[in-house]
Amino acid sequence: MVAVGCKKGLVVSNNEKDSEFYTMADAFIALANEQSKQAEQGKVSATFLYAAARFNIFIAASGSSSVKEFASTKSKSFEYFIAEYRKMLEEHFADYLENYEEYIGNKNGSVN
């Protein structure tokens, strides 16, 4: 079983996303699907979360002019990244709920 690519109509934040955004997201999903052929999906998921956290902190640090300024951004940075991730989880959960049989297949159950 592989993850489904992004739907262009999904809105993952208040900012308008262009086609490059979805192309990059689909590339990450394709990489995860490829890695899932050789590793457990849970491990692939954990690795992606770890890498995203590492890169996001790099973004926060590189946008700061000093370690003191960087340290002062911790609370706001965490709030931002956690809120964005929660919105994305909510959006994709709803998408998979609506399209479960298409994405996953019927596994003798119903949503109700």
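Report the percentage of all Cα-Cα pairs in region 16-61 whose separation exceeds 15 Å, rounded to a whole percent. If you can, show how the numbers build up before the last one.
On the way: 569 of 1035 pairs.
Result for the distance tail: 55 percent.
Taking the Cα centre of region 16-61 as the origin, how large is its charge dipole in debye, to the nearest 20, when only Lys and Arg (+1) and Asp and Glu (-1) carry charge on their Cβ atoms? Mind showing how you got there, number by number?
Working: 4 positive and 6 negative charges, 56 e Å.
The dipole of region 16-61 has a size of about 280 debye.
Read-outs: derived from the displayed coordinates by stated rules, not from any lab. Note that this is a predicted model, so its numbers are computed, not measured. As a convention, Cβ positions derive from the backbone with ideal geometry for all residues, glycine included, and neighbour counts pool all protein chains shown.
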